[in-house]
1. Taking into account only those residues within segment 354-392 that are assigned to a loop (DSSP other than H, G, I, E, B) and among the polar types (S, T, N, Q), which is surrounded by the most Cβ atoms within 10 Å (Cβ to Cβ)?
2. Can you name the residue in segment 436-459 that is surrounded by fewer than 21 Cβ atoms within 10 Å (Cβ to Cβ) and not in a helix (DSSP H, G or I) and is also modelled with the lowest pLDDT among such residues?
3. Determine whether A734 is more than 18 Å from T329 (Cβ to Cβ) and either at pLDDT below 95 or not in a helix (DSSP H, G or I) (or both).
4. Residue check, Y590 against (1) of a type outside the set (A, V, I, L, M); (2) out of contact with any Leu (no Cβ under 6 Å at 6 or more places or on another chain); (3) over 27 Å from P645 (Cβ atoms), all met but one. Which one?
5. Tally up the residues in segment 668-724 that are surrounded by fewer than 20 Cβ atoms within 10 Å (Cβ to Cβ), among the aliphatic types (A, V, I, L, M) and assigned to a helix (DSSP H, G or I), please.
6. Any residue at all in segment 420-439 that's among the polar types (S, T, N, Q) and closer than 30 Å to L602 by Cβ?
7. So, of the residues in segment 388-400 that are touching a residue at least 60 places away in the same chain (Cβ under 8 Å), out of contact with any helix residue (DSSP H, G or I) (no Cβ under 9 Å at 6 or more places or on another chain) and not aromatic (F, W, Y), which turns out to be nearest to L564 (Cα to Cα)?
8. Looking at segment 284-333, which of its residues are at pLDDT 95 or above and acidic (D, E)?
Amino acid sequence: MSTDDQDLMKKYVRLIPQQTQDLLATGIMVLIIPLGLVLHLTYVLPTWYPVWSDEWVKRLIPIMFFAFNLYSNWILMMKVGPNGKNTILPNVVKLGFRYCHSCHTNAPPRAHHCPVCDVCVLRRDHHCSFGGICVGHFNQRYFVAAIINLFLMVSPLTWNAWDLLSTKFENGITLGRVWQIMLPHVACVLRFITFYQFLHVLIFAFTLTVWLFSVYLIAAQAFCIYNGQTRVEYLMEVHAYQLGFFENIRQALGTRWPLIAFSCFIPITVLFCYAAFVASEDPEGRDEKYTYKQLCMVDDKPTILDGFDCRYQVAVAKWQNSVNTTGWTFLEVETKENYCPQLQAYAAGYLEGLLSKTVLSYHLQNAQEGYCTNFTGYCNRLSEFLTTNQNWIKTTLEQTAPDDLYWGAVNRTYHQISGLIDAYEGREFKPRITYELHPILYLNLNGDFYDLEKKLNKTRDPAFDQTGGKCSGLVKLAPGNADLFISQVTMSGFQNMLRVLKLYKFGYDRKMYPGYATSFSSYPGLLYSSDDFALQTSGLAVIETTISVFNTSLFENTKPEGQLPTWIRAIVSNQLARNAREWCKIYSFYNSGTYNNQWAVLDYNKFTPNKPLPKYGLFYVLEQLPGKIVYSDLTWFIEKYSYFPSYNIPFFKEITEASGFIGQAQKLGDWFKWGASPRAKIFERDHVNVHDLDSLTALMRYNDYTHDEFSRCKCNPPYSAEAGISARGDLNPANGTYEFPGQGHVNHGALDYKGTNVKLMKKLQFVAQGGPTWGKVPSFKWSEFDFKDKVKHVGHPDEWKFNPLVHKWETEIYA
């Protein structure tokens, strides 16, 4: 190579670092940080916001803006170099210049030789291994801009990583947790923490390290610039160049130093953000952000408006349909205390009907359309029964004093469902009660229908038989009383997978209605959970699993007059009860003997983490049959066994005998015995593994039926997918042989999972996972389900494979 060629090459900065430490450090910039950024955007952030949802994109934009600016300034720092266009300083003899014996040239004042680059550097600050180049006169401004953008990019990442970590260690950073976080690999090997907790610790440790490093770099640069020094001059204790604060900045960063926060990559950032917004628009028209409707008084007339901020607001509702990305839709309704309760309730229902109309129409097609086909006689009997019941309720409401607390709550409930029906039908806003037998009323009666079908002699299709089990529930005390969990998995036909996570906050008198706000899992058009899983501002968490009534003679006690269906009694109890015992007492009024359940009521007011349990009042269980309700304080059971499982088999001996479970067990075996059924044995074996929300989710979604000994049966093949905490009847072969229909190939399985603990309960939040369980079993796909032509599923995604989420309510619950 000629001398001229060598000189030409020296005019360009080498962008590929030569030293080993430079290569490793640059590798962190090129590979590790981008990978960490991708991990954050695809794993950490989706914990709260689905990928490409509006909220996810809003948080993506600033992070990517700072990331682009970081890397553009990093590239410019290397490209420009500390000496500008010349890698090697020209050899100039001038007064004040000193001779460098390393590169054999005359170096100007403030220039220092870099032993790594092996050149003299103008106003050398330090050698940056992350770029394999020195930071000096011409490129310091880009270095400062890069570390500022690094700090701004990593700050929200660190906060999110900590927030995620805190959800995995719900009981706080105790002394027992500190060593697990400091030595996560050891804790993971010793099985004190799970692999996922280990991963979360690593994510937090990495982001925190980068954040602390960026803080150190910014502090070091700020200190030196403030004192008019480079890093080298600081170490040499040279103070000859202090020119005042602003002049020091201009010397270091140039005359246009305020612009260092921006870069030539801003146009690319804007284009990327635009692409992100385009990608976030769902092609099927699903909403990925809240849609708002409000009822306002305009010139003393109720008026429906878009938005959420009118002056005289009666009610506001927020709706989001993200079933294709999360498996859920979301609804929040809030009413204002300045208006009469009946107006509030009607407005709440009306706004819900407006916002959820499309999804509600899908659910009606899936769950109600064709219900009476080929069952004309049964439906005539059902219509007569319900008409009589509605007339009795109407008469009672008209004759009851307005200040009657119980019937006042019933009155408000009927106003709410009437508003929902009127909005769905496109009727004018007119607060009233309608007692019509509308399909939406039938949706709310879906649980009651399960027993009314028996009373009124409807023949069930074996393919839809649910004798195998309808729900799984668990109350679990964490080791050392550190936390308290309650969870539930609902099981039903797969046509019912259009789900809504709801929050109602009414402006009712909070002394009279301690459960003025409630959050729950539900369905379009339903005013209560029906799963059931509900959390109240009273501090009560309520779940249930259904009890079959095999002794059908009990239905003689189910009458159309003098009784209220379960859906109304559940709402009233949730609103009025102050404690678990009171909930059971209120629920016992007007027992209809329909939708007969085992209810578990947990009073979080009675629980203090890391303290002994109270002797009484923490936990009640209620079981209902036609003509009979039994409930008792089972706090002692939680104290003794640390858990209470619920799996569709009665706990109380009196209910077991009356319901016919003893005869059923004698005929079909342990499947119908409390403590001996497949789910009972799985709960007994695995509840000890539950110590946080992740392990709770894992247990409640558990189904490994081909390998688990407790899922085996006298069947061919010798196991049943119905024998899991989360059932999957679709996975049983259609040509298999089973002991009874509900154990085999049926349109039935777990539709979801919900679970909460002390921390989330305070915000009425819970972990929710939509769709049938997957992982140890394949995800559910309509295209692969042999009942797909028989079972309607309008509005469903084909594949139900969604991750757990914690939905953060916008509504200020306790304000």
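The values are calculated or read from the model by the stated rules, or taken from the named source; none is laboratory data. All figures in this text were calculated on a predicted structure; none of them were measured in a lab. Positions of Cβ are generated from backbone atoms using ideal geometry, with glycine treated the same way; all protein chains shown enter the neighbour counts.
1. Applying the filter and picking the extreme gives S356.
2. Of everything passing the filter in segment 436-459, T459 is modelled with the lowest pLDDT.
3. yes
4. So Y590 meets the others, but not (2).
5. So the answer is 4.
6. For segment 420-439, residues among the polar types (S, T, N, Q) and closer than 30 Å to L602 by Cβ: absent.
7. N389
8. E332
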